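The values are calculated or read from the model by the stated rules, or taken from the named source; none is laboratory data. Since the structure is predicted, the reported quantities are computational estimates derived from the model, not experimental observations. Please note: Cβ atoms are built from the backbone with ideal geometry, for glycine as well, and neighbour counts cover all protein chains shown. These accessible areas exclude ligands, DNA and RNA; they are computed on the full protein's heavy atoms, side chains included. Shrake-Rupley method; radii C 1.70, N 1.55, O 1.52, S 1.80 Å.
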Amino acid sequence: MSQYNNQTKIDRLWYRQPATRWEEALPIGNGRLGGMVYGGAADERIQLNEDTLWSGFPRDTIQYSSQRYLKQTRELIMAGQYGEAEDVLNREMLGRDVEAYQPMGHFLLHHEGLNDLAVDAFERELDLESGIATTTYSYEGTRYMREVYFSASDDLMVCTLAANREGAVNVSVNLDSPHPYQVQTSGDALTLFSRCPSHVESNYFRDHPESVIYEEDRGISYVVRLAAKATGGKVKISTIKGKLHIQDADQVVFYLAAATSFESYDVPPTKDSLVLETECKDVISKATTLGTEGLRERHVQDHSAMFTRVFIDLGISANEELPTDERLQAYQAGEQDPGLEALYFQYGRYLLMGSSRPGSQPANLQGIWNHQVEPPWHSDYTININTEMNYWPAEVCNLSECHEPLFDLLEDLSHTGRRTARILYGARGWTAHHNVDIWRTSTPTGGDASWAFWPMGGVWLTSHLWEHYQFTGDLRFLEERAYPIMKEAALFCLDWLVEGPEGYLVTVPSTSPENKFLTEAGEACSISMASTMDMTLIRELFNRCIEAAKQLDVDQTLANEWSEALSKLYPFRIGSEGQLLEWFKDFAESEPGHRHVSHLYGLYPGEQINRLQTPELVEAARISLERRISQGGGHTGWSCAWLINLYARLLDRNQAHQFVRTLLARSTHPNLFDDHPPFQIDGNFGGTAGIAEMLLQSHLNELHLLPALPDLWNRGRVEGLRARGGYTVNMAWTDNKLTSAVIRADRSDSVTIRSAYPLRVEGNEQVEAVLTPQGDYVVILSMTAGQTIRVSS
């Protein structure tokens, strides 16, 4: 736990008025269950989610005729007939869209006899450290406090309402759902029975007469149970017309549990509703035996133990006492507020904890929070940047276990994707394209090749397996989970590559996710060969598989195949303007300010483009960024977040901070949710990762301390950041200069520490800092497992 936790409380969002729209409500979650708390006085609304509630059911999405057209498409591309190739691909090789993540319903509480206009001293807050949303208000001399939290320890939502006057709690509650539902009442409980749609069709142009389909015998069914326990003198709990009524209580505690018929991506969801109801009853029964305080303590201990691993202070802020929405408005008006930027960092960590825990589904486009039956982009897993960005902060921000749901998804995808690779492309291994849902769809979606046809999605996802291994050094994880999945993705790549121009191995057909170039005829087109993104991902995967095979002492023959293919991969190319090329030719760009910067993957999150080994590619990447931004690039929330990380890797500290500012000032809702627009959670996670990347980098087998510290963070400290190699790092700085760093090693190894200023290892004066050709300083020393050292400058 941080030694700074006794300081003034800054890890909270708070407001002086209730939320009137979803983007003002406060998110809470335990990985499986989530809620958006509006925090009203007379009327409380908590919008509910459960992570396995999706439309659809297991079905075959294979386009069986696809392989018939692969050879034709490749021949057209090789002949330079890109438009014709794209026409064939769009017509014959795409599929159907994925299903949609669904809302569960609402918990609705009405405070009887209370007039909102007469309420005073109103405040609502979200405490990030405890994971509790609190609403307080006074009415006619009585003070009320309502707390809401979602317990990961006990798998339910708890809502407590208390008053400082005996018998003053008089409320009614009910449940509803946007899906067809029934509510049954019994004693002190309500039970809602409902079912998700069997299909949600893409309907972006609102031209489908029945885009949401419900069928009695298909789709995921679910049950929500709400029980109440009141204390006080004269307490009466009754169920009238589908509502629970609590009268004359001192305090009431509501317990809400949910269960769904989802079992697995390949199992029809047929579990009986009575079984689901029993599951809910059991959860609530176990929770109530703990007592109100015991249940709360278990939640707070579990949540705060994770959250307090990292502390951050980026400097004093004049607006720290303002409500969060007013503070954000002042920031948007141009005021400096490093404390708000620190809060945004911690909020991203909080959101990852709330939407991705061991055993849950991974965080989707909206984390776990969604109120729409037809959410934007189906609130799916978009694996051409967005899902990956969700997990950029997992390791460096000391939430490694939050990565696990993504690894579970990868394991499932490696099974469904094996069939996709074989039938669509006649290839070994496994593949996935750009959209995934709970049914682990790995085939191309419908629409247009520019986004739908990208069989490298699975390859990108495998990078997270290697990252986890790099941070943890868990050899068993590498052997049993990571390498088998990476190996099969690399097998697909071996079979997907063909010989192209100049004898190089290339991907064909190939796209650069969602972007297009102009053909010689001026036609916007997405299909060619050997996009820089494709080649970068394959080069990275082959290198990592070779290293993994060496460490595990397996597959030497296969490692030789990867090595041979590596030597023939189409290389990075620099264009006529000095920019890093996005495609295999120096095509004119159809949209020069495009939101994706896929060709810069090698700079971040990859490491192939770096100032130590490829300085000429670093400069080309910088020029590419400048060109993209000058034409309006980075205009979405997540795209802006990617720019923070890219400029951090370029060590352009103030430009990196400028995009932190842009993300908060232009692309942030009042509740600090990322505004794509509309809401997408990836920008939150990308922003958090970017701030961490400005403070600590470890991708080049070294600890680079404060590599991109901006002028405006001239004084501060951070504790608990993690580095590759298994290090935990605390740092403090003054006048933009590192004053001290404390580094703890998980395992015995040599470590290189880099800093802009000469470093001294306290207690080891024989180790001297060396000035490098890059103009900074390094020290190299050996550390043993469990050892802690202190360095200063």
Next item on the list: Please work out which one of (1) open to solvent by 10 Å² or more (accessible area, probe 1.4 Å); (2) in contact (Cβ under 8 Å) with a residue 24 or more places away in the chain; (3) small (Gly, Ala, Ser) is the condition residue 548 fails and give its number.
Entry: (1)
Note to self: Condition first: part of a loop (DSSP other than H, G, I, E, B), among the charged types (D, E, K, R), on the phi < 0 side of the Ramachandran plot and in contact (Cβ under 8 Å) with a residue 60 or more places away in the chain. Now tell me which residues in the stretch 551-584 satisfy that.
What the structure shows: 568, 582
Check: Which one of 589, 564, 616, 577 is farther than 21 Å from residue 504 by Cβ and open to solvent by 60 Å² or more (accessible area, probe 1.4 Å)?
Finding: 577
Notebook entry, point to check: Looking at the stretch 530-541, is at least one residue of a type in the set (Asp, Glu), modelled with pLDDT of 95 or more and in contact with a Gly (Cβ under 9 Å, 6 or more places away or on another chain)?
Noted result: yes
Notebook entry, point to check: Just for the stretch 610-639: of the residues that are in contact with a Lys or Arg (Cβ under 8 Å, 6 or more places away or on another chain) and β-branched (Val, Ile, Thr), which one is nearest to residue 590 (Cα to Cα)?
Noted result: 636
Checklist line | Every residue from the stretch 756-780 that is in contact with a Lys or Arg (Cβ under 9 Å, 6 or more places away or on another chain) and not in a loop (DSSP other than H, G, I, E, B) | finding: 761, 777, 778, 779
Next item on the list: Would you be able to say whether some residue in the stretch 333-350 is more than 30 Å from residue 210 (Cα to Cα), without any contact (Cβ under 8 Å) to a residue 24 or more places away in the chain and either hydrophobic (A, V, I, L, M, F, W, C) or not in a loop (DSSP other than H, G, I, E, B) (or both)?
Entry: yes
Item checked: Given (1) within 22 Å of residue 445 (Cβ to Cβ); (2) of a type in the set (A, V, I, L, M, F, W, C); (3) open to solvent by less than 10 Å² (accessible area, probe 1.4 Å); (4) touching an Asp or Glu at 6+ places or on another chain (Cβ under 9 Å), number of the condition residue 537 does not satisfy -> (4)
Checklist line | Residues of the stretch 20-47 classified as over 19 Å from the mean Cα position of the chain (by Cα) and touching a residue at least 40 places away in the same chain (Cβ under 8 Å), total | finding: 13
Item checked: Hits in the stretch 307-338 - residues which are open to solvent by less than 10 Å² (accessible area, probe 1.4 Å) and not polar (S, T, N, Q) -> 307, 310, 312, 314, 323, 328, 331, 337
Margin query: Out of the strands (runs of 3 or more DSSP E) lying entirely within the stretch 221-260, which hold 1 or more residues that are modelled with pLDDT of 90 or more, out of contact with any His (no Cβ under 7 Å at 6 or more places or on another chain) and over 17 Å from residue 277 (Cβ atoms)?
Written below: 221-231, 243-249, 251-260
Next item on the list: With the condition kept exactly as written, say whether any residue in the stretch 182-204 is closer than 23 Å to residue 376 by Cα, assigned to a loop (DSSP other than H, G, I, E, B) and free of Cβ contacts under 8 Å to residues at least 12 places away in the same chain.
Entry: yes
Item checked: Selected residue [crowded, with 23+ Cβ neighbours inside 10 Å and within 34 Å of the chain's Cα centre (by Cα)] from 180, 209, 197 -> 197
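If only one of 602, 633, 637 is crowded, with 23+ Cβ neighbours inside 10 Å and more than 26 Å from residue 713 (Cβ to Cβ), which one is it?
The match here is 602.
Output the residues belonging to the stretch 361-416 that are of a type in the set (Gly, Ala, Ser) and part of a helix (DSSP H, G or I).
If the condition is that a residue be of a type in the set (Gly, Ala, Ser) and part of a helix (DSSP H, G or I), then 379, 394, 400, 414 are the ones that fit.
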Check: Applying the selection to the stretch 748-773, what residues are open to solvent by 70 Å² or more (accessible area, probe 1.4 Å) and either over 35 Å from the mean Cα position of the chain (by Cα) or not hydroxyl-bearing (Ser, Thr, Tyr) (or both)?
Finding: 749, 760, 762, 763, 765, 766, 768, 770, 771, 773
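For every residue, the table says whether it meets (1) buried (at least 17 other Cβ atoms within 10 Å of the Cβ); (2) under 26 Å from the mean Cα position of the chain (by Cα); (3) modelled with pLDDT of 95 or more.
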| position | (1), (2), (3) |
| --- | --- |
| 113 | no, no, no |
| 117 | no, no, no |
| 126 | yes, yes, yes |
| 133 | yes, yes, yes |
| 136 | no, no, yes |
| 144 | yes, no, yes |
| 148 | yes, yes, yes |
| 155 | yes, yes, yes |
Check: What about residue 442, is it assigned to a helix (DSSP H, G or I) and touching a residue at least 12 places away in the same chain (Cβ under 8 Å)?
Finding: no
Checklist line | Verdict on residue 729 being of a type in the set (Val, Ile, Thr) and out of contact with any Gly (no Cβ under 9 Å at 6 or more places or on another chain) | finding: no
Next item on the list: Starting from the stretch 702-724, take each residue that is under 17 Å from residue 689 (Cβ atoms) and small (Gly, Ala, Ser) and list its partners that are outside any loop (DSSP other than H, G, I, E, B) and at pLDDT 95 or above, counting only C-beta distances under 6 angstrom and pairs at least six apart or across chains.
Entry: 708/648; 708/653; 708/656; 708/694; 723/703; 723/729
Next item on the list: Could you check, for the stretch 515-530, whether at least one of its residues is touching a residue at least 60 places away in the same chain (Cβ under 8 Å), open to solvent by 20 Å² or more (accessible area, probe 1.4 Å), closer than 29 Å to residue 696 by Cβ and outside any helix (DSSP H, G or I)?
Entry: no
Note to self: Any residue at all in the stretch 412-420 that's touching a residue at least 40 places away in the same chain (Cβ under 8 Å), within 26 Å of residue 22 (Cα to Cα) and aliphatic (A, V, I, L, M)?
What the structure shows: no
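Name the residue that is farthest from residue 156 (Cα to Cα), counting only residues in the stretch 217-229 that are surrounded by fewer than 21 Cβ atoms within 10 Å (Cβ to Cβ) and in contact (Cβ under 8 Å) with a residue 12 or more places away in the chain.
Filtering the stretch 217-229 for residues surrounded by fewer than 21 Cβ atoms within 10 Å (Cβ to Cβ) gives 217-218, 229.
Adding the requirement that they be in contact (Cβ under 8 Å) with a residue 12 or more places away in the chain leaves 218, 229.
On the way: 218: 26, 229: 15 Å.
Going through the qualifying residues, I end up with 218.
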Checklist line | Single unsatisfied condition, residue 394 versus (1) open to solvent by less than 10 Å² (accessible area, probe 1.4 Å); (2) over 21 Å from residue 692 (Cβ atoms) | finding: (2)
Next item on the list: Answer yes or no as to whether residue 467 is touching a residue at least 12 places away in the same chain (Cβ under 8 Å) and of a type in the set (Asp, Glu).
Entry: yes
Next item on the list: Among the residues of the stretch 234-244, write down those that are in contact with a strand residue (DSSP E or B) (Cβ under 7 Å, 6 or more places away or on another chain) and open to solvent by 40 Å² or more (accessible area, probe 1.4 Å).
Entry: 234, 235, 236, 237, 239, 243
Next item on the list: Filter the stretch 245-266 down to the residues that are free of Cβ contacts under 8 Å to residues at least 60 places away in the same chain and in contact with a strand residue (DSSP E or B) (Cβ under 7 Å, 6 or more places away or on another chain), then identify the one that is surrounded by the most Cβ atoms within 10 Å (Cβ to Cβ).
Entry: 259
